[in-house]
């Protein structure tokens, strides 16, 4: 990308309308992201009609601003009321909500805002310098390679099991089984639908998230008894930690950003899984790993930098190949196509100016997100000043509406309510809830890619090992699974020496 | 009975029961429409995971039995029951009566159930937050919520 | 005399109120159910249409994405909606004419009142740009010679699946079918070397840079003039993917006529033509009557096609 292309891009951005539109879009995206049940895809789909009347660059700026800010927006309710506003912020609830309950909401908001920006800008830089090369890498991932990648990703369940591996495994298995409900596309068979047509679509992750995290909290609060619903000490506002604390986290931030970017580039994983995996990886490598889940800032930093890093990563296959990296970029792809911009193998050659503009707009969108986020977090965190019971009431209103508008189906509201009561019972039984989400999200691509791989190899699973990428991931999986066992034997040998 | 019951045995029993029911259902399935050459039968993967669920449930159940019966923690089950019933009723009535009617009542009852005594503030917040959500979702985002019959909103 | 006067007045009253209702239609926003996710193939063209109709009718059209089960959930919702003209649906061929024959769904060919067809894309056989095949005959020869050929497309029962099965059947060969997905997913599969060819819309070459071996349309496609059709090569396989606007059965004729007329106007607007061209759709308009007949014919035709993909049809 040459300097003159960069300058031309900046020139396109000098349009005051473009800046204003992007600013508005950042605010709107943040609010929509913060409303559980809506999410990034909905935010983009909502704004799509408005793009028809804009010029190409204005539309691009609008879409990128919404994309980036909605991913960040999801972290706000995750911290304040234990409901992820978007599925990508599910992992932020693990440490964000405990921080809010301990009175550190302002600090938490500070951490996630800056972490999201860093993740977003990191992935943007990667996009700028390596998009075509990364796209070539992404193309290498067929069904077999993706299957191996997902098998590896499932090992992260171990890290979010809060020290109880058997129950964590139970939760993960429950998640996978839930993902199999519905019509099986590859065979047309109705699985576990018990004759109910609405169930043939299967479950959607958002009502499950709303139920397991938000409604279960409402029930748990009810179960605690009236006397203990006292007002917690809250710090509202927005506080950014000192640079020293940030520097101490540099490895986590880097690792999560890298993970997010690459998982965004690769097909079949998605932003939600990326943030969960980012969280799990950070926990596995951190010296503070026992504090994860109790309000450790490293946890929310890992989750939010990972999910915002997916934004740049998912744009790689979208722009370079015309293949959407995830559902959100699919909407953007549709919008670009309507504007006469055909992403794909020709885009980088034919329209280098436009490509540069996209990069610059992405950078501006991330910076705007930081500024607007800092201002709006002050407003949002005031919600916590209300008595806890009223906040829980608001959660109920949000849950009923949010789970309905996913697919305009009352079934999803039932799912949320049932997930809520199940979440309560599981929490009482000390079963970690995060692995359910991981199992659910990864269950479908796991099975689909396995069966596609079997079709391609004509039912010879051993042929999976012919792919070097697959072998690589299988080996990594074995290492991760066997490492705790190895660790037990190695120190003994050292003392003998 | 109390010598056997603790959270682990309950969990294990529940898991075992669920996996049994679902496994039976999966074996009873009718013919599938397609079986592409090379593809695994559609119930293979769910069944594998159901067996895994059963195995883990047994492990937890046995572990729980070994631990012996424990007095379950005191919980306010009455409040939980009320809360759950409220949400169930709200969901069942949402389509027939509309979101704008059902949601404020659900919120009001939930807040009351959690011990908040100030009825006036409760009512105000219930109506207020539902109205705000309605404006945001239906008017602004154009995502329709179930309408109140006769009023069309 | 009095009875006939009353009858006349009553008749006038009904006619007046009908026209009054018609004059008022639409009074509130019209919801258009799109049975796929935002940003997908159907969604993009649906929104282009909705935009154009909004301009033409001056009314508010709201797209609703109701996803699930290969588009059947949204289609079922349309079938179950009130036939008052305020709920419409934008559906491709498969959801309304193929899926009902594959599994029990709560709708069939009598559940809908077709309004208009707006696009009809022929499918094509595409391979990787560096593939050794130059024509469909090369591909068939390779298949006959025992090479491992893999066709990629959408879920079993989709038009991409049916098309490649029709081609295999016509030439008397067999190959493996990989249901990885349509459009971009199929292109990715081909480029990863996993699949040999795809039978998706003719836009695959333009959008993803694949090489087109043949087109499964009635005539050659604009932009792919030097690619022969299968018909020209003596193989009678014509497979297209069409998209249309539907209303629930029982919607008043007056409403349907208004919509159909508006649709006809909409497809001629500049914004629509440009948008569809950008989205690589081939516009083809059919008004209410013609589309109604066409739809019923397609419903029967696609049922007859199903044995080619191995579906046993129960005796009707």
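None of the figures in this text is laboratory data; all of them are computed from the coordinates on show. Everything quoted here is computed from the prediction, not taken from an experiment. Methodologically, a virtual Cβ is constructed for each residue, glycine included, from the backbone with ideal geometry; neighbour enumeration extends over all protein chains shown.
Here are a few things to note about the model shown:
- Exactly one residue out of B:100, B:114 is crowded, with 18+ Cβ neighbours inside 10 Å, farther than 25 Å from residue A:29 by Cβ and either more than 9 Å from chain A (Cβ to nearest Cβ) or touching a strand residue (DSSP E or B) at 6+ places or on another chain (Cβ under 8 Å) (or both), and it is B:100.
Yes/no per residue for (1) more than 9 Å from chain C (Cβ to nearest Cβ); (2) buried (at least 24 other Cβ atoms within 10 Å of the Cβ); (3) over 30 Å from residue C:49 (Cβ atoms); (4) in contact with a strand residue (DSSP E or B) (Cβ under 6 Å, 6 or more places away or on another chain):
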site: A:315; (1), (2), (3), (4): yes, yes, no, no
site: A:320; (1), (2), (3), (4): yes, yes, no, no
site: A:345; (1), (2), (3), (4): no, no, no, no
site: A:348; (1), (2), (3), (4): yes, no, yes, no
site: A:358; (1), (2), (3), (4): yes, yes, no, no
site: A:372; (1), (2), (3), (4): yes, no, yes, no
site: A:376; (1), (2), (3), (4): yes, no, yes, no
site: A:385; (1), (2), (3), (4): yes, no, yes, no
site: A:402; (1), (2), (3), (4): yes, yes, no, no
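- If the condition is being more than 12 Å from every other protein chain (Cβ to nearest Cβ) and either in contact with a helix residue (DSSP H, G or I) (Cβ under 6 Å, 6 or more places away or on another chain) or buried (at least 21 other Cβ atoms within 10 Å of the Cβ) (or both), then the range A:122-146 contributes A:122, A:123, A:124, A:126, A:127, A:128, A:131, A:132, A:134.
- Any hit, the range A:476-496, residues being closer than 24 Å to residue A:274 by Cβ, in contact with a helix residue (DSSP H, G or I) (Cβ under 7 Å, 6 or more places away or on another chain) and within 14 Å of chain B (Cβ to nearest Cβ): no
- Selected residue (only one of C:172, C:275, C:244, C:234 is touching a residue at least 60 places away in the same chain (Cβ under 8 Å), over 25 Å from residue A:451 (Cβ atoms) and more than 13 Å from chain A (Cβ to nearest Cβ)): C:244
- Residue within the range B:82-95 that is under 22 Å from residue A:167 (Cβ atoms) and either at the interface with chain A (Cβ under 7 Å from one of its Cβ atoms) or crowded, with 18+ Cβ neighbours inside 10 Å (or both) present: no
- Subset of the range C:143-169 (residues that are touching a residue at least 40 places away in the same chain (Cβ under 8 Å), outside any loop (DSSP other than H, G, I, E, B) and either away from every other protein chain (no Cβ under 14 Å) or touching a helix residue (DSSP H, G or I) at 6+ places or on another chain (Cβ under 7 Å) (or both)): C:150, C:151, C:152, C:159, C:161, C:162, C:163, C:165, C:166, C:167, C:169
- Within the range C:185-209, being in contact with a helix residue (DSSP H, G or I) (Cβ under 7 Å, 6 or more places away or on another chain) and part of a helix (DSSP H, G or I) holds for C:187, C:188, C:191, C:204, C:208.
- The single condition from (1) in contact with a strand residue (DSSP E or B) (Cβ under 7 Å, 6 or more places away or on another chain); (2) more than 14 Å from chain B (Cβ to nearest Cβ) that residue A:408 fails is (2).
- Which listed residue, of B:120, B:132, B:72, is exposed (fewer than 15 other Cβ atoms within 10 Å of the Cβ), in a loop (DSSP other than H, G, I, E, B), more than 7 Å from chain A (Cβ to nearest Cβ) and out of contact with any strand residue (DSSP E or B) (no Cβ under 9 Å at 6 or more places or on another chain): B:72
- Evaluating residue A:431 against the criteria (1) surrounded by 22 or more Cβ atoms within 10 Å (Cβ to Cβ); (2) assigned to a helix (DSSP H, G or I); (3) touching a residue at least 12 places away in the same chain (Cβ under 8 Å) leaves one unmet condition, (2).
- Candidates in the range A:172-210 are the residues that are facing chain C (nearest Cβ under 8 Å), farther than 14 Å from residue A:447 by Cβ and over 28 Å from the mean Cα position of the chain (by Cα); of these, the one that is surrounded by the fewest Cβ atoms within 10 Å (Cβ to Cβ) is A:197.
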